[in-house]
Every structure is written in structure tokens, then in C-alpha cells.
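Encoded as C-alpha cells, the structure appears first; notes follow it.
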Amino acid sequence: MKGPLFYAKILLFGEYGIIKDSKGLAIPFNSYKGGLKTVNNLTGEAEKSNTNLVKFYNYLKTLDSTLASFDLTSLKNDIENGMYFDSSIPQGYGVGSSGALVASIYDKYANNKITVLENLTRDKLLTLKQIFSLMESFFHGKSSGLDPLNSYLSLPILINSKENIEAAGIPSQKEGKGAVFLLDSEQIGETEPMVNIFMNKMKNEGFRKMLSEEFSLHTDACINDFLHGNVKSLFGNVKKLSKVVLTNFKPMIPTAFHQIWEKGIQTNEYYLKLCGSGGGGYILGFTEDYEKAKTSLKDYKLELVYRF
């Protein structure tokens, strides 16, 4: 058995903000992917994944079936016959490893599923997001459902607010000098503790003010610039966003990277921002000159996402 492949995702803009109803923009990232497979002899990672699927199956049994129901008998049989999720998506890196798994389970086992081929109205997108949010909460404690949605549709998604999401067209890549890239922190990030830190910070009035007056404002401007191809303006806004994140989201940035984050802002060679919830995994970088950024960050592993 070999199911369809589901890709990683990158939340270009909107980390944390989307929890509080500001804009976000997520794009599929085809360098990493996963799919359901079955083997007779489970060992190593496949065995670990199969054990995890047993737990996930037990969780799905408890879900409210008015929103979504699954062919649990087939799922149980397939798991017992050695099914696992074969994935190249790194876990704890902020690129949607659990999202791809959720999308693959929904695709194969959901009854009356909403398919990618039908006319995806806003209502259908919201329903899908709700279902995925419930499913993915098994992995993260609280999930927006956005990662699985992105993986399932394999389309860029613009989040205008919790109740308003749409598939978005992004400008096609150019052969220019500029780039969006991933910087490998070589540390695993845990989503739940980071979200808990954020929720605690939200109790502080000053932090809430910063979030709505600075963070959301710069995020919205970045999304607008990116979607309209306003590259010059985009880098100005990403720099502002990078500063705000460094000042206000320090616990989410691995300590070893505080200095190089600051260096980017000072030299304008690159600007860094969180990729997902932070705490490790990937850090997202934006640069007007990818070669210069590579030289500046030569001690780190970089991966190209998008060219300007």
C-alpha cells in the first residue's frame, strides 16, 4: 500500500499572531514529504510511527462525529497490518510534520470527505480547518488546523482571520539575488511549551498592545507586500518584524541565535524571523542577496525556500 504524498508547509508570516486572529500566510514546501505505507516487518522508525498511529486511532475514536467521521474499522485493520507514516519531514522543526500525517489520515479514512477537486468555498475551507484542528490537537494540545489544511490542499493559504481563509496566489519565483531561506538551529523545538509561554505573555497588557500595534501591523504589511510582489517594501517591513520578534519573543529564539539575529538587523545582510512556534527547529530568513547571506552565515546549514 502506498498512499498519496503530503508535503511540509512553511508559515511565512503570522506565527503566534494567527492564534490571536491576525493575518497569516502559509505555503507548501515540497522538499519534505510523507505518505502512508505498510510493511510486514516493523522496525525502527516505522515501528515507532505505527505505535503512534495506534494512539492516534484511539484519540480519533473519541472525536465528535458530527463534524467528521472516519472508517475506523479500516484504519484499525491497516494499523494492525503494519501501516506507518513514512516521512522525510523533520519533527519539531516548525514545518508541519504532524500536519502531513493528519492530512494523509483524513484523505484515506474520512467519510464524506471534502476533496481538493471540488469547488473549495470559504465554508468548506473553514470546515476542513475545524476538522484538522480537532485531529491535530492530539499532537499539540491546541492546533489551528492550518498545517494539515496546507498539506492537504498543497496550495498557499491566506489567513485573514479565524473565520476568513482563502487559497492565495503567490508571485512566481524569479531568478534574482533575493531569497527566503531556512536556517537549521540543529535543536528540536516543542510546540506546546512555546505556545504556553505565549499564552502567559498574553496576560500582560503591554504585550497584548505590542501584538496588535506592532507585531500584527508589520505582519499584515509583509503579507501584503509578498502577495503583490513589492519586494523593496517587503524587506523594510521584514526588518521591522525581525526587531519586534527579537525584543518580545526572546524565549522562543534559541539563545545561541540571539546574536546572529541582531547581526542581521545591524548589517542588513539578512533578517530572521520565527518559523512556526520557535524554541528550535528552523528559523526563517529573508535576504536581498542570498550569496552574501550564505557567506555571513557560513557556519550554519541553510536551505532555499523561495527566490525573488
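The values are calculated or read from the model by the stated rules, or taken from the named source; none is laboratory data. Here the structure is a predicted model, which is why all the values come from computation and not from measurement. Reconstructed Cβ throughout: ideal geometry from the backbone, glycine too, with neighbour counts over all protein chains shown. Side chains included, ligands, DNA and RNA excluded: accessible areas come from the protein's heavy atoms. Shrake-Rupley method; radii C 1.70, N 1.55, O 1.52, S 1.80 Å.
Each residue in segment 164-185 was checked for being out of contact with any helix residue (DSSP H, G or I) (no Cβ under 9 Å at 6 or more places or on another chain) and more than 24 Å from N150 (Cα to Cα), and 1 of them qualify. Annotation: I188 fulfils all but one of (1) within 19 Å of G24 (Cα to Cα); (2) open to solvent by 60 Å² or more (accessible area, probe 1.4 Å); the unmet one is (1).
Before we move on, is L5 surrounded by 20 or more Cβ atoms within 10 Å (Cβ to Cβ) and either touching a Leu at 6+ places or on another chain (Cβ under 6 Å) or under 26 Å from Q173 (Cα atoms) (or both)? Spell out the reasoning first.
Details: surrounded by 20 or more Cβ atoms within 10 Å (Cβ to Cβ): no; either touching a Leu at 6+ places or on another chain (Cβ under 6 Å) or under 26 Å from Q173 (Cα atoms) (or both): yes.
So L5 fails the test.
Could you tell me whether any residue of segment 81-89 is within 30 Å of H218 (Cα to Cα) and either among the aliphatic types (A, V, I, L, M) or buried (at least 16 other Cβ atoms within 10 Å of the Cβ) (or both)? Looking through segment 81-89, at least one residue is within 30 Å of H218 (Cα to Cα) and either among the aliphatic types (A, V, I, L, M) or buried (at least 16 other Cβ atoms within 10 Å of the Cβ) (or both).
How about segment 76-90: which of its residues are under 27 Å from K9 (Cβ atoms) and not in a helix (DSSP H, G or I)?
The initial filter retains those residues of segment 76-90 that are under 27 Å from K9 (Cβ atoms), namely 78-79, 83-90.
If the condition is that a residue be under 27 Å from K9 (Cβ atoms) and not in a helix (DSSP H, G or I), then M83, Y84, F85, D86, S87, S88, I89, P90 are the ones that fit.
Residues of segment 92-100 include at least one that is in contact (Cβ under 8 Å) with a residue 12 or more places away in the chain and surrounded by fewer than 19 Cβ atoms within 10 Å (Cβ to Cβ). Note on segment 159-183: residues that are open to solvent by 20 Å² or more (accessible area, probe 1.4 Å) and either in a strand (DSSP E or B) or within 23 Å of I260 (Cα to Cα) (or both) amount to 6. Does segment 111-123 contain at least one residue that is in a loop (DSSP other than H, G, I, E, B), open to solvent by 60 Å² or more (accessible area, probe 1.4 Å), touching a residue at least 40 places away in the same chain (Cβ under 8 Å) and on the phi > 0 side of the Ramachandran plot? Looking through segment 111-123, at least one residue is in a loop (DSSP other than H, G, I, E, B), open to solvent by 60 Å² or more (accessible area, probe 1.4 Å), touching a residue at least 40 places away in the same chain (Cβ under 8 Å) and on the phi > 0 side of the Ramachandran plot.
Taking the listed residues K76, K108, the one that is under 14 Å from Y59 (Cβ atoms) and open to solvent by 40 Å² or more (accessible area, probe 1.4 Å) is K76, with no other qualifying.
For segment 30-75, a tally of residues being closer than 23 Å to A110 by Cβ, assigned to a helix (DSSP H, G or I) and of a type in the set (D, E, K, R) returns 2. Considering (1) within 29 Å of T255 (Cα to Cα); (2) buried (at least 22 other Cβ atoms within 10 Å of the Cβ), the lone condition that N200 does not fulfil carries the number (2). Residue pairs whose Cβ atoms lie under 6 Å apart, separated by 6 or more positions or on different chains, with the first residue in segment 236-263 and in contact (Cβ under 8 Å) with a residue 40 or more places away in the chain and the second among the aliphatic types (A, V, I, L, M) and open to solvent by 20 Å² or more (accessible area, probe 1.4 Å), are P251/I197; M252/M194.
Would you call K55 at pLDDT 95 or above, within 25 Å of the chain's Cα centre (by Cα) and among the charged types (D, E, K, R)?
Details: at pLDDT 95 or above: yes; within 25 Å of the chain's Cα centre (by Cα): yes; among the charged types (D, E, K, R): yes.
In short, yes.
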